[in-house]
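Take a look at this one; I'll ask things after.
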Amino acid sequence: EAGVAQSPRYKIIEKRQSVAFWCNPISGHATLYWYQQILGQGPKLLIQFQNNGVVDDSQLPKDRFSAERLKGVDSTLKIQPAKLEDSAVYLCASSLTSGKSLGEQYFGPGTRLTVT
Amino acid sequence: GESVGLHLPTLSVQEGDNSIINCAYSNSASDYFIWYKQESGKGPQFIIDIRSNMDKRQGQRVTVLLNKTVKHLSLQIAATQPGDSAVYFCAERMDTGRRALTFGSGTRLQVQP
């Protein structure tokens, strides 16, 4: 079974520029997550989708971050404009369900963003 | 690939020894706990999970212990191998309300051959 795919793997931008990340979850997985992982820390949830609807975006900095999953499959995460503190690895994960069942999350390899 | 957890606490063990990685979780309402392994340049990989109605669960070479009284979780790895070298994270989740995983800060495991 193919895993969660993410692109690009690495991105370097200057502050105040824009950047977008793409995620393709495991086929059939209804739930998709975006996490931010700052070096030396555990992943922090940014947003969670159930199909094409947002379940939880309480920790998403909405003044600069946006995400969409229009057709309930692929997702994009955008930062506009980027700040130095946005330098991190952005991880995408997917699971079969986010309801009362536990739904193991499978993670992609991440996109390493460096803001200079 | 990039390094994960350059400034994390580190546990160094000899190959073949048993490893114990500890985690203190924060929310007494959490009822589901998972251990993840993260190698450099890769996303976290599921190792083992446990519900709050259990205090021990065993997998292949791994055991998770849960002490709800002191909000403590541990991961035991038997006969540690060089391939076990990675950063290990515990994560917690509630069964109601916000169900997102909350990750701990991680421990780096270094296995000496």
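Since every read-out is calculated from the coordinates, none of them should be taken as a lab result. Because the structure is predicted, anything quoted here is derived from the model rather than measured. For neighbour counting, all protein chains shown are included, and Cβ atoms are generated from backbone atoms with ideal geometry for every residue, glycine included.
In segment A:46-106, which GluC sites (Glu not before Pro) fall in coil by DSSP and have 13 or fewer other Cβ atoms within 10 Å?
A:104
How about segment A:30-116: which trypsin sites (Lys or Arg not before Pro) there are in a DSSP loop, with at most 12 other Cβ atoms within 10 Å of their Cβ?
Filter output for segment A:30-116: A:62, A:71, A:83, A:100.
Show which lysines lie in cross-link reach of residue A:44 when reach means a straight Cα distance below 21 angstrom and same-chain residues fewer than eight apart are skipped.
Result set, ordered by chain and number: A:11, A:62, A:78, A:83, B:37, B:42, B:71.
Next question. Give the average over all directions of the projected area of the C-alpha convex hull of chain A, one decimal, in nm².
Convex hull of Cα atoms, orientation-averaged projection: 6.9 nm².
Same structure, new question: Points 7 angstrom from Cα along the Cβ direction at residue A:2 and residue B:79: gap in nanometres?
A separation of 3.7 nm, rounded to one decimal place.
What average number of partner chain Cβ atoms lie no more than 10 Å from the Cβ of the residues making up B:61-74?
What the average comes to for B:61-74 is 0.
For a Förster distance of 35 Å, can you work out the FRET efficiency between the beta-carbons of residue A:62 and residue A:10, rounded to the nearest 0.05?
0.85
Three principal axis extents, largest first, for the C-alpha atoms of segment B:28-85, in Å?
Here the spans come out as 33, 24, 16 Å, largest first.
Here's another thing I want to ask about it. What distance in nm separates the simple spin-label points at residue B:31 and residue B:12, each placed 7 Å from Cα in the Cβ direction?
4.3
Here's a follow-up. Could you give the semi-axes, largest first, of the ellipsoid that matches the protein assembly as shown, computed as the square roots of 5 times the alpha carbon gyration tensor eigenvalues and rounded to whole Å?
Over the Cα atoms of the protein assembly as shown, the semi-axes work out to 29, 21, 16 Å.
Could you size up the charge dipole of chain A around its Cα centre, putting +1 on the beta carbon of Lys and Arg and -1 on that of Asp and Glu, and report it in debye to the nearest 20?
My answer is approximately 280 debye.
Now for a separate question. With r defined as the distance between the Cβ atoms of residue B:70 and residue A:85 and R0 fixed at 30 Å, what FRET efficiency is calculated, to the nearest 0.05?
So the FRET efficiency works out to roughly 0.30.
In addition: Any idea what the dipole of the protein assembly as shown comes to, in debye rounded to 20, about its Cα centre with Lys/Arg Cβ at +1 and Asp/Glu Cβ at -1?
380
Note the full-extension length gain between residue B:110 and residue B:53 as 0.36 nm times their separation in residues minus their Cα-Cα distance, in nm to one decimal.
Extending this stretch completely gives an extra 17.3 nm.
So, one more: On average, how many beta carbons from a partner chain sit within 10 Å of the beta carbon of a residue in A:40-51?
Averaged over the peptide's residues, the number is 5.
If you scale each eigenvalue of the Cα gyration tensor by 5 and take the root, what three semi-axes come out for chain B, rounded to whole angstrom and sorted largest first?
24, 16, 11
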